[in-house]
Ligand code: ARG
């Protein structure tokens with residue numbers, strides 16, 4: 001079996017200099033936060049590698065601070081890359097460098113096929129399209145950043161079922177801030193982030209025993225925005241008894257100080273993009 005492979009971006013040009021979500025505070029940015037960001041990114045990389053992961057680095061680009069969130073670059077499954085299109089002009093400049101990175105990965109055989117969204121459609125990659133390997137489906141988020149119609153495009157591009165969830169608030173503007181299927185089948189999520197219809201769609205598909213409900217504190221600490229490698233869950237520092245609750249489900253928790261990235265509205269999941277996900281063969285015809 002190949003090693004779990006993740007894209008990350010060199011944080012050398014990361015900062016918080018504009019505000020496109022309610023978490024972003026340019027005023028709170030400082031040279032100390034910049035130093036902490038370098039340390040946080042390195043610690044996340046080390047945690048991924050310690051859990052058996054392999055990391056591919058995208059070079060930093062001046063003027064594109066949010067390039068450090070490659071989850072928003074694309075949706076990836078079975079070697080197919082559906083490139084993202086960003087809602088906000090502040091991030092649209094990232095599309096070129098991300099495309100160039102995927103072209104290099106394709107030349108090396110790491111990915112197989114690169115696909116574009118239809119003209120005029122916004123969709124912010126794995127931030128709003130999370131593969132659930134247990135159920136063999138994509139959960140997609142729409143509202144603040146991604147168009148609802150992108151769910152259908154994802155279903156057709158990957159030939160997989162999609163459950164589209166409408167996000168109810170600007171605070172939880174990407175699905176990955178409030179919803180995280182774990183490798184063992186449980187789902188960590190924050191119910192107030194969803195519309196009543198979305199919540200009903202979640203509850204229809206996830207058995208009560210598999211629901212791990214994040215508290216408001218867990219969500220605000222960006223702990224739902226976690227990476228899962230088998231039984232290891234890597235996340236920003238957990239504020240509550242979340243560790244105990246995850247351990248009760250058989251997970252090991254690796255916490256990383258990502259406070260400099262939370263100042264931009266992101267943490268572990270969106271600082272990475274998983275490249276090697278595959279649908280189980282039995283589900284590929286779905
Ligand atoms: N500042 C970035 C933005 O607002 C943070 C993105 C975090 N990404 C994510 N998938 N949650 O776009």
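Throughout, read-outs are computed from the coordinates displayed, never taken from laboratory work. It should be emphasised that the depicted structure is a prediction, and the values quoted were computed from it without experimental measurement. A quick note on method: Cβ atoms are made from the backbone with ideal geometry, for glycine too, and the neighbour counts reach across all protein chains shown.
Before moving on, here are some points about what is shown:
- The convex hull defined by the C-alpha atoms of the stretch 19-151 has an orientation-averaged projected area of 9.5 nm².
- Highest to lowest packing among 35-48, 145-158, 191-204, scored as the average C-beta count within 10 Å: 145-158, 35-48, 191-204
- Pairs of alpha carbons in the stretch 116-161 whose separation is greater than 13 Å (percent): 50
- q = 0.07, 0.16 Å⁻¹, the chain: log10 I(q)/I(0) [Debye, one scatterer per Cα]: -0.22, -1.34
- Among 87-97, 216-226, 71-81, the peptide with the highest mean count of other Cβ atoms within 10 Å heads the list, and the full ranking is 71-81, 216-226, 87-97.
- Over the chain: helical MRE at 222 nm, DSSP H runs n ≥ 4 each giving -39500 (n - 2.57), nearest 500: -7000 deg cm²/dmol
- Kirkwood Rh and Cα Rg combined as Rg over Rh, evaluated for the stretch 204-258: 0.95
- Cα-based Rg / Dmax (Å) for the stretch 134-286: 14.9, 42
- Neighbour-count order for 271, 57, 8, fewest beta carbons within 10 angstrom listed first: 57, 8, 271
- Note on the stretch 81-185: Rg/Rh from Cα positions, Kirkwood definition for Rh, rounded to two decimals, is 0.96.
- For the stretch 61-120, diffusion coefficient by Stokes-Einstein and Kirkwood Rh (Cα), 10 °C, 1.306 mPa s, µm²/s: 133
- The stretch 1-63: C-alpha pair distances exceeding 16 Å, %: 56
- In the stretch 183-229, one over the average inverse separation of all distinct C-alpha pairs is 11.4 Å, which is the Kirkwood hydrodynamic radius.
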